[in-house]
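> This is the structure I have questions about; it appears just below.
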Amino acid sequence: MGDPVEPVLDVTLQAGDTLYLPRGWLHEAKTSETDSLHLTVGVTVYTWMDAFRAALDSCAREVGFRRSPAGETPGELVEILAAQLSPRRVERRRRRKLVRTRRPILGGQLSQLRALENLDVDTVVVRRSTVLFDFDGATLSFEGKDLTFPDRAAEDLAFVAQSDEPFTAADLPGELDDEGRLVLVRRLVREGFLVISAAARENDADAEA
């Protein structure tokens, strides 16, 4: 580490100030004689080390990577690894990691669960604005979980995933009947992927009153 030297910056932060410290910068924080509170936010960066590790994991089924080195150069293996490091594949694995590890943001979810009692085929719902997801056929992946539905729900699930506008269960274009559509929509509201629109909840409250 070396001996301490004169600091590059010696500053007193006031209320509302923000100090950005690039990765690798040594720093020391001290409080004043009065009470103080600060919030530290770390930014996790996807690095080439992450990309190489993920690429090697993708090569696990390649027999050559499981052989013991015997003095030969790993030319063919390097080519296979390089193919896994193409920008498209790196970005795909990077997104998959984000989708599967991102914590859910479920503001108002308790109200959503209560509103499920009155959800019918004409209730307006919309995809939650904070959700990040991937879907493949009848499987929807988001926020660390995979939801797999029967194959006959694939068309309706694609509609739900790709719709940027509010819709109702009756709008789903697939082969599911109304009961099946409600099962799908209710499950997605319960899991936090869809939300019942505020207008629909207000109408239900007025009807109950």
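> Compute the distance in nm between two label points, each set 7 Å from the Cα along the Cα-to-Cβ direction, one at E179 and one at S36.
Placing both labels 7 Å along Cα→Cβ, they lie 6.5 nm apart.
> Which value in deg cm²/dmol, rounded to the nearest 500, describes the helix-derived mean residue ellipticity at 222 nm for the chain, given -39,500 (n - 2.57) per DSSP H run of n ≥ 4 and division by the residue count?
Using -39500 (n - 2.57) per qualifying helix, the result is -11000 deg cm²/dmol.
> Compare R89, R152, R61 in a GNM of the chain, Cα atoms joined below 10 Å, and give the one with the largest fluctuation.
Answer for the Gaussian network model of the chain: R61.
> Quick check: from the Cα gyration tensor, does region 1-114 come out rounded (a/c under 1.5), prolate or oblate?
Oblate is the answer for region 1-114, as a/c is 1.5 or above yet b/c matches or exceeds a/b.
> Here's a follow-up. What list of ³J(HN,Hα) values in whole Hz, one per residue of region 18-29 in order, does the Karplus curve 6.51 cos²θ - 1.76 cosθ + 1.60 (θ = phi - 60°) give from phi, with Gly and Pro shown as x?
10, 10, 9, 10, x, 4, x, 7, 6, 8, 9, 10
> When the accessible area of region 11-116 is split by element with a 1.4 Å probe, what percent falls to carbon and sulfur?
Values: 5330 of 9550 Å².
Of the solvent-accessible surface of region 11-116, carbon and sulfur hold 56 percent.
> Moving on to the next point. Given points 7 Å out from each Cα along the Cα-Cβ axis, report the Q109 to V45 separation in nanometres with one decimal.
Simple spin-label model gives 3.2 nm for this pair.
> I'd like the FRET efficiency for A158 and R95, computed as 1/(1 + (r/R0)^6) with the beta carbon distance as r and R0 of 22 Å, rounded to 0.05. Can you show the working numbers first?
Values: r = 18 Å, r/R0 = 0.83.
Between A158 and R95 the formula returns 0.75.
> Over the chain, one equal point on each Cα, no solvent: what is log10 I(q)/I(0) by the Debye formula at q = 0.15, 0.19 Å⁻¹?
-1.00, -1.26
> What's the FRET efficiency of L116 with A198 using the Cβ-Cβ distance as r and R₀ = 22 Å, to the nearest 0.05? Numbers along the way, then the final one.
Details: r = 15 Å, r/R0 = 0.68.
The computed FRET efficiency comes out at 0.90.
> Let me ask another. Run the simple label-point estimate for R53 and L9 please: 7 Å along Cα→C-beta, distance reported in nm.
It is 2.9 nm.
> Once you've got the GNM for the chain with C-alpha springs shorter than 10 Å, pick whichever of D50, D136, D35 has the biggest mean-square fluctuation.
Judging by the Gaussian network model, the answer is D35.
> Between region 1-62 and region 92-156, what is the separation of their alpha carbon centroids in Å?
Each part's Cα centre sits 33 Å from the other's.
> Here's something else I'd like to know. Could you give each residue of region 88-97 its phi-based ³J(HN,Hα) in whole Hz, using Karplus coefficients 6.51, -1.76, 1.60 with θ = phi - 60°, and x for Gly or Pro?
Rounded to whole hertz, the list is 5, 6, 4, 5, 5, 5, 4, 5, 4, 5.
> Let me know the longest stretch in the chain that avoids all chymotrypsin sites (Phe, Trp or Tyr not before Pro) found in a DSSP loop with at most 13 other C-beta atoms within 10 Å. Show your work: numbers first, answer last.
Working: sites that count: Y20, W25.
With chymotrypsin sites (Phe, Trp or Tyr not before Pro) excluded where exposed in loops, the chain gives 26-209 as its longest stretch.
> Given a 1.4 angstrom probe, what's the average accessible area per residue across region 1-122, in square angstrom?
Here the residues of region 1-122 average 92 Å² of exposed surface.
The values are calculated or read from the model by the stated rules, or taken from the named source; none is laboratory data. Values in this document were obtained by computation on a predicted structure and should not be read as measured data. Positions of Cβ are generated from backbone atoms using ideal geometry, with glycine treated the same way; all protein chains shown enter the neighbour counts. The accessibility values were calculated without ligands, DNA or RNA, using every heavy atom of the protein model including side chains. Shrake-Rupley method; radii C 1.70, N 1.55, O 1.52, S 1.80 Å.
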